[in-house]
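Peer 1: The following block contains the structure, expressed as structure tokens.
The values are calculated or read from the model by the stated rules, or taken from the named source; none is laboratory data. Here the structure is a predicted model, which means the values were calculated and not measured. All Cβ positions, glycine included, derive from the backbone under ideal geometry; neighbour counts span all protein chains shown.
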Amino acid sequence: MQDLMVFVAVYEQNSVTGVSEALCVSQSTVSYCLKKLRSSFEDELFINTRTGMRPTYKAGSMYPHVLTILENINLCHAGAPAFDPALQPATFNICAPEYFEQLVLPRLLRNFALAGLPVMINMQKLETDIPADALRDGSLDLVIGFGPNFHRNHGDFNARTLLEDDLVCVFDQRAAPLEKRLSLHTFVERRHVFPTPWTSTTNMVDGWLAQQARQRQIVARANSYSAALKMITGTDFILTLPRRIQRLLADEAIFDHREAPNGLPGFTLDMQWSQSADQDSANTWLREQVIKACAEPQ
């Protein structure tokens with residue numbers, strides 16, 4: 001590369017001395033580079049005259065190609081241009097459960113608005129399985145799901161845990177039991193409303209109850225947390241919610257909560273993306289913004 005830089009500099013300045021000063025190398029180094037170039041291209045390239053170094057016909061034909069080579073090398077060194085959403089509108093496609101839409105997405109959009117960024121988010125509801133094909137072909141930028149081990153793992157995806165949460169039991173304020181932490185007996189004796197986070201016959205609560213050789217009575221399955229809260233109003237039903245969602249949506253003037261039975265496991269919110277998108281600057285920027293939004297205090 002140094003030889004090619006010397007070639008361009010001599011072609012443009014017609015002077016070995018000037019090239020030496022411009023490239024901060026010795027005149028002997030310039031002469032050595034020219035010697036190697038002459039040998040490689042089997043041509044004198046530059047002829048020393050009273051008016052300076054005059055390029056040969058071959059040097060003249062080489063010059064634009066050498067410029068292109070150096071420009072491409074510099075592009076390789078610089079890498080792909082960093083994504084800047086302030087320069088043009090950007091649209092991202094994310095598949096996630098309602099938990100993400102209620103808790104994280106509002107923060108994400110607020111941050112974009114405050115920064116004046118023309119960024120649009122298209123949401124797709126998470127179903128039973130991770131939409132692996134859509135993530136691989138780029139139809140989806142990110143998939144957000146629950147963990148650990150709620151969905152089948154894919155070896156060609158990268159993953160990161162965004163936050164941790166646990167479950168609490170929510171009641172109509174007038175029907176809340178006295179005990180601060182529910183016993184397993186109280187938990188299964190009450191009737192339950194179940195906010196289904198995805199289309200599935202299994203979930204973290206009933207899976208845990210099955211391990212205790214117990215089961216609960218579900219009187220309704222709701223499509224959203226807000227609808228489930230309305231369903232328990234004026235009843236003695238239990239609604240088991242993520243603690244962060246309970247703090248966000250369950251109005252303390254209407255609802256009360258108790259700690260879940262000992263042993264009921266918590267969960268994580270995990271982000272997945274394809275390895276092919278790992279080096280994509282726009283995808284990297286989006287992941288950074290999601291991580292930042294998850295780290296903000298509720």
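Peer 1: Is there any pair linking a residue in region 131-154 that is closer than 20 Å to Ala282 by Cα to one that is among the basic types (Lys, Arg) and crowded, with 16+ Cβ neighbours inside 10 Å, with Cβ under 8 Å and at least six apart or on different chains, and which?
Peer 2: Taking only residues 6 or more apart or on different chains, the pairs are Leu142/Arg287.
Peer 1: Which numbered condition in (1) over 30 Å from Gly155 (Cβ atoms); (2) buried (at least 18 other Cβ atoms within 10 Å of the Cβ); (3) not hydrophobic (A, V, I, L, M, F, W, C) is the only one that Ser226 fails?
Peer 2: Only one criterion in (1) over 30 Å from Gly155 (Cβ atoms); (2) buried (at least 18 other Cβ atoms within 10 Å of the Cβ); (3) not hydrophobic (A, V, I, L, M, F, W, C) is unmet by Ser226, namely (2).
Peer 1: At least 2 residues that are assigned by TED's automatic domain parsing to the domain that holds Gly147 in each: list the strands (runs of 3 or more DSSP E) lying fully within region 209-287 that qualify.
Peer 2: 267-274
Peer 1: Give me the pairs: first residue in region 249-271 and touching a residue at least 40 places away in the same chain (Cβ under 8 Å), second residue basic (Lys, Arg) and buried (at least 18 other Cβ atoms within 10 Å of the Cβ), beta-carbon distance under 8 Å, and six or more apart or on different chains, which are they?
Peer 2: Pairs found: Met271/Arg287.
Peer 1: In region 104-113, what count of residues is obtained for those that are closer than 27 Å to Asn203 by Cα and either surrounded by fewer than 16 Cβ atoms within 10 Å (Cβ to Cβ) or not assigned by TED's automatic domain parsing to the domain that holds His154 (or both)?
Peer 2: Residues flagged as closer than 27 Å to Asn203 by Cα and either surrounded by fewer than 16 Cβ atoms within 10 Å (Cβ to Cβ) or not assigned by TED's automatic domain parsing to the domain that holds His154 (or both) within region 104-113 amount to 1.
Peer 1: Right, something else. List, please: which pairs have Cβ atoms under 6 Å, are six or more places apart or on different chains, and start with a residue in region 49-60 that is without any contact (Cβ under 8 Å) to a residue 60 or more places away in the chain and end with one that is part of a strand (DSSP E or B)?
Peer 2: Met53/Phe46; Arg54/Ile47; Pro55/Phe46
Peer 1: Can Glu71 be described as more than 30 Å from Asp270 (Cα to Cα), surrounded by 13 or more Cβ atoms within 10 Å (Cβ to Cβ) and either polar (S, T, N, Q) or not assigned by TED's automatic domain parsing to the domain that holds Val119 (or both)?
Peer 2: no
Peer 1: Something else now. I'd like the full set of residues that are modelled with pLDDT under 80 and either farther than 18 Å from Gln279 by Cα or in contact with a Ser or Thr (Cβ under 8 Å, 6 or more places away or on another chain) (or both), limited to region 74-105.
Peer 2: Answer for region 74-105, where residues must be modelled with pLDDT under 80 and either farther than 18 Å from Gln279 by Cα or in contact with a Ser or Thr (Cβ under 8 Å, 6 or more places away or on another chain) (or both): Asn74, Ala80, Pro81, Ala82.
Peer 1: Could you count how many residues in region 50-73 are within 12 Å of Val16 (Cα to Cα) and modelled with pLDDT of 85 or more?
Peer 2: Adding up the residues that qualify gives 1.
Peer 1: Looking only at region 287-298, count every residue that is surrounded by fewer than 17 Cβ atoms within 10 Å (Cβ to Cβ) and closer than 20 Å to Met120 by Cβ and tell me the total.
Peer 2: 3
Peer 1: For residues that are surrounded by 13 or more Cβ atoms within 10 Å (Cβ to Cβ), assigned to a strand (DSSP E or B) and acidic (Asp, Glu), tally how many sit in region 114-172.
Peer 2: Number of matching residues: 2.
Peer 1: A further question follows. When the residues of region 240-292 are narrowed to those that are touching a strand residue (DSSP E or B) at 6+ places or on another chain (Cβ under 9 Å) and of a type in the set (Gly, Ala, Ser), which ends up farthest from Ala86 (Cα to Cα)?
Peer 2: Ala260
Peer 1: Got at least one residue in region 272-286 being loosely packed, with under 13 Cβ neighbours inside 10 Å and over 29 Å from the mean Cα position of the chain (by Cα)?
Peer 2: No, there is no match, as no residue in region 272-286 is loosely packed, with under 13 Cβ neighbours inside 10 Å and over 29 Å from the mean Cα position of the chain (by Cα).
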